[in-house]
Amino acid sequence: MRPFTYTSATNKEQALKASTKTSHYLAGGTNLVDLMKEDVERPDQLIDVNKLDYKKITSNEKGGLSLGAMLSNAETANHPEIRTNYPLLSMAMLSAASAQIRNMASNGGNLLQRTRCPYFFETSMPCNKREPGSGCGALKGMNALHAIFGYSDNCIATNPSDMNVALAAIGATVEVQKKDGSSRMIEFTDFHRLPGDKPEKDNTLEQGELITAIHLSKPEFSDHYYYLKIRERSSYAFALISVAAGLQVKSGVIAKAGLAMGGVAHKPWKLSKAEEFLVGKKPNKSKFEAAADLAMKDAKPFEANKFKVEMGKNAIVRALTQAYEREA
Amino acid sequence: MTKTINASGVGNAIDRVEGHLKVMGKAKYASEFPVENKVYGQGINSTIAKGEIISIDTSEAEKLEGVLKVITYKNAEKLKAFDEERPELATDSIAPVLQSNKVHYYGEYVGLVVAETFEQAQYAARLVKFEYKKDSDALIDFEKSKSKAYTPDNDSNYSRGNMKLGLSEADMVVEQTYNTPIEHHHPMELHAVIAAWDNGKVTAYASQQIVEDAKIAISGTFQIPKEDVRVISAFVGGGFGSKLNLDRHVIMAVMASKMVGRPVQVTVTRTQMFTNTNMRQQNEQKMRVGAKKDGTLTALSHETLSHTSITQEYQEPCGMVSKMLYNVPNNEVTYKLIPMNLQTPFAMRAPGEATGSFALESAMDEMAWKLKMDPLEFRIKNDTQTDLHENRPFSSRLLVECLRIGADKFGWKDRKAEPRTNKKGNWLIGYGVSAASREAPYQKTHAKVILELEEDKIFATIQMDATDIGTGSYTIIAQTASEYLKIPVEQVTVELGDSDFPITPGSGGSWGAASYCNGARAACENAINTLKNNRNIKGDEEVTVSELLKQNQLTKFEAEGMAEPSAEFKKYSIFSFGANFSEVWVDKDTGMYRIKRMVNVGSAGKILNPKTAYGQIIGGLTMGAGMVIAEQSRVEPNFGNFITRSFADYHVPVNLDMANIDVIFLPEEDKIANKMGIKGIGELGITSVAASISNAIFNATGKRMRSLPITPEKLIEAGLEEGVTA
Ligand SMILES: Cc1cc2nc3c(=O)[nH]c(=O)nc-3n(C[C@H](O)[C@H](O)[C@H](O)COP(=O)(O)OP(=O)(O)OC[C@H]3O[C@@H](n4cnc5c(N)ncnc54)[C@H](O)[C@@H]3O)c2cc1C
Ligand code: SF4
C-alpha cells in the first residue's frame, strides 16, 4: 500500500473541511481498503467518517423512512421497521457479501462500491475507469460478466451492488452535504451514471461531497416483493443477474410496480417501461412474460454474455411470480 | 496383570492431538517462527506473457526508507540451470529464479525487494519499474495453441487388445469430449518461507509437503551440500499438491538472506498464488466407449490433450483410471501436451483420477443411457478383480460392494430412469452415481522412537520428517505409537516436519498415512524387540514397555525403524475404491442448483481414525463439488494473465452449496498393502464426485454437461425448458 495520512472526523464540518482532491472518506473500508491494497485507489489521506452521527433510521416527509449513511448494512437490513416496511430492501441487502462484510459495510459506502470488472482491479491491464485514456480491456477481452444495457465503447462495466437494485425498484433520494456546508438531494435514478465518455465517474457526486442519508419513498411493496439473485454459488458471490420486484395489488389488479435489474448495466437498471406496462394489469404469467420481453427488448449483449438476455427474462418472470404469490 | 483396552490406539475416533495448539494459535506455521532480526521480501511479477526485460529502474524503490535490497536478474546469485530442454517437474526439482531477462509467462518473478517491514517491501515492489520488449506470439490461448501439441517422451501412452476391433464388436458407441478448466489448489495457508543463514548453513522454515525433497531442491539449486540445508515444516495449512515441490519464493528467500545477511521472510500473496505456485492445467479428454447391447464393454479409449509450460514438463495422468477400472479387453490411452506461456502445472489432489474420472464416469453414464441400462448395474456388470493394465490381481477390491451398499443407503431404487420426470415446482430433480478408484501407494519410511521412564510411566516421542498438511498425521502417528507401545496416547509426543529427523516420503499421493504409521510401528517394534533381546525375553511374551526399561536398567531408550513395501506388495495392484451418489435439484428458470444429498462409500483399508478419515472424505467431496459448481481460473486471451485473481473471483463451494453428506467406510484391512492394512483416502474423496453430480444434472434436466464447471450461464445456454439432448 502507498503511504497515506489518516484523520478521524467527529462532525461533518471537520470531514468536509479536511477533504481534498486526493482524499477519500473511509466508512466500512470493505471496498476502499481492498482497492488500496491492489493499488487501484491511491488516496493520500483517509478521512474516517464512522464517528459522524448518521447512524439512525428516521421517518421522512415522503411518508417513508430515511437511512443514515454510516449505519451498517447489517443493522439496516435487520432493523424491524425495514423488515416490515421495506422487506424487498432487506432481502436484497441480506443477499449481499457475507455476514462479516455486511457488519462493516455502510449504506453510503454501498452506494459507492466500485465495479468488479477484473481489468479494473489489475493495474497492468488497460482500463478507462481506473486510468482514463488507457482503453477498455474488457471490450475485446473477457466480458461474460459485463453490461448488456447502456454501455459505451469506453466502458462496459456493471454496478455490483444488490442494495442499489432494490433502491431503484423502491425509489429513493440521496442527501449529500456539499463542501460549502449546504446540502442537496439527488434522485436515486440520477445518482449513478452511464459510462459515456467519462467512465471514471461512477456517479454524480461532486468532489468532496459527503452522503448523509438515503430517503426512501413511502413503503408500497411490503406484501408482494422478491429479490432474485442468480450467482455462481449459493452465497457470497456477486450477481450474474439480479431482479428486485415489488408489486402493489389492489382488487386483483396491479396498482404499482417497482422493477429493477442488477448485473446488466453501469448503474442499477430501472425497468420503467415494464413497470408502466404492468400497472392496471391482472397479475399472471403471460403479463409477467410480456413485461420481461419489454424489459429485455433493447439488450445488446456481447458474444460471451448472451446468456444474460434469456436468464434476465426468466429472472424477471420468476421474481414477479414469487413476489405476487408470496403470502402477505 | 489385568488387560486394559487401549482406547487411543488405531481405529479409535480420538480428537486431534494437535487440535488445542491450533485453536490457540500456538501451532507454528512457516511464517510464524519468531526468527530474530527478520526482514521481509516481496516478489515482483512480470506483466507480460513472453518477451524480454529491456530496462529496470530500481532508483525510486531503493530511496525508500527501510529498503535493503532490490534483487533482479542483474545482481542475483548464479543458480544451477536445467540440464536439458523442458525437463520433467518432480517433487525434488531445482527451482532457478531471476537468472535472465527472459520472461516465459505473465506473473513470473522478475525481482524481489527486501525491506525492514512487510509494508515497506510491498510498497517498494510497486516502485521498481520494468520496461519490456513484448513478443506477440505468446501461447496463452489453449484453442489457438493446439497446433503446437506434442507427444511427451515418456511411456504413458498405452494400449491393449485392439481398439478398432473392440469398436467394431460394439452395438453402441459413445464418442465425446470432456473439458476441465485450469484450477488452483489454494490451500488456506499461503505459501511462505523464512530463510536464515548461520555459519554457512541455511535453515528454511517453509510450508512444504515433502521436507526431504525441499532440502534436495535447495541444495541442488544453490549447488551446496545437503548437510548445509535444514528444512522445517512443522505445520502446513493445506497443500493439495501445491507444496509437493519447492517453489521459487523459497529460493529467492534463501538467496536474499545470504545477500542482506539477515533472515528473510517471503510470503506469496493470494493473487500470486495464481501465478507463482502450481495449478491443475486445462484438459480436453476425448473418450470412446463401445459396448454390447447387454452392457458388456468391448472398447475404451481415453485421449488427453493438456498443456505444460515453456520451461518444464508436467503431464497429468488423466487416462490412468481408464486403464484399470473396468473389464474391457480393448483399451487405449494417449497424451498430448501443448507448451504454453503459463507456469508449470503440477499434481493437484488426485492428479489423473479427479479429472480423468470426470471423463470416464460421464462417458459410462452416457453409455448406460444409450443402452437404457441402470448406470449402477452397467458398472457392476463390467467389474474386474484383475488389473488388466498391470495384468495382476487387485490386493482387494470392494467396488461392487461400495456401489451396492451406497445404492441401498441412498435410495437409488427411487431414481427415475427418464430425465426430467422428477419435478417439484421450479425444480428438476436428478440422481447420479459414479465409481471411484485411487491408487494406494506406500513408500519406504524411517522413524525414531525415544522412550523415557518416569515413575513407572512410559513417555514416548516419535520423530520423523513427515508432515501434517491438515490431514491428521500427528494424530494417527500418535495412535500408532499408542497401539504398539500399549500406552495411552496422552503419553505420546509426535515431532514432525524437521529434515533433521528420519526420512519419510512426506505427504502426497495418499501415501502418507500408510507410510508414516508403518514407519512409526517399525520403530516401536524395534524398540521392544531390542529391549526384549537384551534380556533374553521371548518375542511373544507380554511385558509392558516400562517393565522392559526397568529390566534393562534404563530410564531412556532410543530406537529407529524402517518400513517399506514387501515383495508380495509388488505382485498386486493396490487401490482404494469408492462410490459416489448425489441428488441434485436444478432450478429451471435460473440455472442455479443445489446438491441436496451425497452418499459416499469407500473401501480404503484400515481406518486409523474415523474422525480424521471423515474429514478427508468430506473435504474431498467438497473439493469435487467445487470442480462442478464454479472452480476455474481463466486466462485473459489478449494478455495471458489470470483474470480470476482472488477468492472474490475464484469461487470455491460455500456451506450452503453443500449437501447432507453420508460417509461410509467398509470394514477392510488390506494386509497385502502393508502390515497395518492401511490404504490411502486423502484423494479418494475427490475422485469422480464431479461425474456423480453432472450425471445427476443430466438425470434432472436431460442436458449432458461436458465442460466443467457447470455454471448457471451454461445451463441456461443449454436450455432448461424442455427436451433431452444426449
Ligand atoms: C468479498 C466481497 C464480496 C462482496 N459481495 C457483495 C455482494 O454480493 N453484493 C453487494 O452488493 N456487495 C458486495 N460486496 C461489497 C460491499 O457491499 C461493499 O464493499 C460495501 O457496501 C462498501 O461499504 P463500505 O462502508 O465498506 O465502503 P468503503 O469501502 O468505506 O467506501 C467505499 C467508497 O465510498 C466512499 N464513501 C463511503 N462513505 C461515504 C459517504 N458517506 N459519503 C461519501 N463517500 C463515501 C469511500 O470514500 C469509498 O470511495 C462485497 C465485498 C467484498 C469484499
Ligand atoms: S469495462 Fe470499464 S472497468 Fe472494465 S476495463 Fe473497461 S473501462 Fe475498465
For this session: Restrict the check to the range A:300-316 and report whether at least one residue is out of contact with any Leu (no Cβ under 6 Å at 6 or more places or on another chain), more than 13 Å from chain B (Cβ to nearest Cβ) and modelled with pLDDT under 95.
Result: no
For this session: Could you list, in sequence order, all residues of the range B:266-282 that are surrounded by 24 or more Cβ atoms within 10 Å (Cβ to Cβ) and assigned to a strand (DSSP E or B)?
Result: B:VAL266, B:ARG280
Exercise. Can you tell me which of B:ASP387, B:ASP383, B:ASP414 is among the acidic types (Asp, Glu), surrounded by fewer than 23 Cβ atoms within 10 Å (Cβ to Cβ) and free of Cβ contacts under 8 Å to residues at least 40 places away in the same chain?
Worked result: B:ASP414
Exercise. Within the range B:443-473, can you find the residues that are assigned to a strand (DSSP E or B), among the polar types (S, T, N, Q) and out of contact with any helix residue (DSSP H, G or I) (no Cβ under 6 Å at 6 or more places or on another chain)?
Worked result: B:THR461, B:GLN463
Seminar exercise, completed: Only unsatisfied item for B:ASN641, checking (1) surrounded by fewer than 24 Cβ atoms within 10 Å (Cβ to Cβ); (2) within 14 Å of chain A (Cβ to nearest Cβ); (3) over 22 Å from the mean Cα position of the chain (by Cα), is (1)
For this session: For the range A:210-232, state whether one or more residues are of a type in the set (Asp, Glu), touching a strand residue (DSSP E or B) at 6+ places or on another chain (Cβ under 7 Å) and within 14 Å of ligand 1 (Cβ to nearest atom).
Result: no
Exercise. Got a sec? Which of B:LEU98, B:LEU165 is part of a loop (DSSP other than H, G, I, E, B) and at pLDDT 95 or above?
Worked result: B:LEU98
Problem set entry | Number of the exception - B:VAL628 against (1) within 24 Å of B:GLY680 (Cβ to Cβ); (2) away from ligand 1 (no atom under 16 Å from the Cβ); (3) within 7 Å of chain A (Cβ to nearest Cβ) | (3)
Exercise. What is the residue count in the range B:363-379 for residues that are part of a helix (DSSP H, G or I), crowded, with 17+ Cβ neighbours inside 10 Å and either in contact with a Pro (Cβ under 9 Å, 6 or more places away or on another chain) or not aromatic (Phe, Trp, Tyr) (or both)?
Worked result: 11
For this session: Determine which member of the set A:THR123, A:THR84 is hydroxyl-bearing (Ser, Thr, Tyr), closer than 20 Å to A:HIS24 by Cβ and away from ligand 1 (no atom under 11 Å from the Cβ).
Result: A:THR123
Problem set entry | Lone qualifier among B:ALA195, B:ALA170, B:ALA121 - being in contact with a helix residue (DSSP H, G or I) (Cβ under 9 Å, 6 or more places away or on another chain) and over 23 Å from B:GLY352 (Cβ atoms) | B:ALA195
Exercise. Of all residues in the range A:227-256, which are more than 14 Å from chain B (Cβ to nearest Cβ), within 19 Å of A:SER90 (Cβ to Cβ) and buried (at least 22 other Cβ atoms within 10 Å of the Cβ)?
Worked result: A:ALA244, A:GLY246, A:LEU247
Exercise. Is it true that B:GLU668 is acidic (Asp, Glu) and over 14 Å from B:GLU439 (Cα atoms)?
Worked result: yes
Exercise. Only one of these conditions is not met by B:LEU554: (1) outside the structural domain of B:TYR431 (by TED's automatic domain parsing); (2) among the aliphatic types (A, V, I, L, M); (3) more than 30 Å from B:HIS446 (Cα to Cα). Which number is it?
Worked result: (3)
Exercise. Which residue out of B:ALA466, B:ALA440, B:ALA407, B:ALA368 is over 23 Å from B:THR612 (Cα atoms) and within 29 Å of the chain's Cα centre (by Cα)?
Worked result: B:ALA407
Exercise. Can you find even one residue in the range B:35-50 that is part of a helix (DSSP H, G or I), at pLDDT 95 or above, closer than 22 Å to B:ALA253 by Cα and not basic (Lys, Arg)?
Worked result: no
For this session: Could you run through the range A:128-142 and say how many residues are surrounded by 24 or more Cβ atoms within 10 Å (Cβ to Cβ) and touching a residue at least 24 places away in the same chain (Cβ under 8 Å)?
Result: 4
Exercise. How about the range B:108-133: which of its residues are within 18 Å of B:TYR73 (Cα to Cα), of a type outside the set (A, V, I, L, M) and more than 11 Å from chain A (Cβ to nearest Cβ)?
Worked result: B:GLU108, B:TYR109, B:GLY111, B:LYS129, B:GLU131, B:LYS133
Problem set entry | Extreme residue, nearest to the other protein chains (Cβ to nearest Cβ), among residues of the range A:205-226 that are closer than 30 Å to A:VAL309 by Cβ and within 18 Å of the chain's Cα centre (by Cα) | A:TYR226
Exercise. Which members of the range B:497-527 meet the condition of being farther than 12 Å from B:HIS446 by Cα and within 20 Å of the chain's Cα centre (by Cα)?
Worked result: B:GLY497, B:SER507, B:GLY508, B:GLY509, B:SER510, B:TRP511, B:GLY512, B:ALA513, B:ALA514
Exercise. For the subset of the range B:706-721 comprising residues that are assigned to a loop (DSSP other than H, G, I, E, B) and of a type in the set (D, E, K, R), which member is nearest to the other protein chains (Cβ to nearest Cβ)?
Worked result: B:GLU721
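The values are calculated or read from the model by the stated rules, or taken from the named source; none is laboratory data. Just so it is clear, the model here is predicted, and its values are computed rather than measured. Virtual Cβ from ideal backbone geometry, glycine too; neighbours counted across all protein chains shown.
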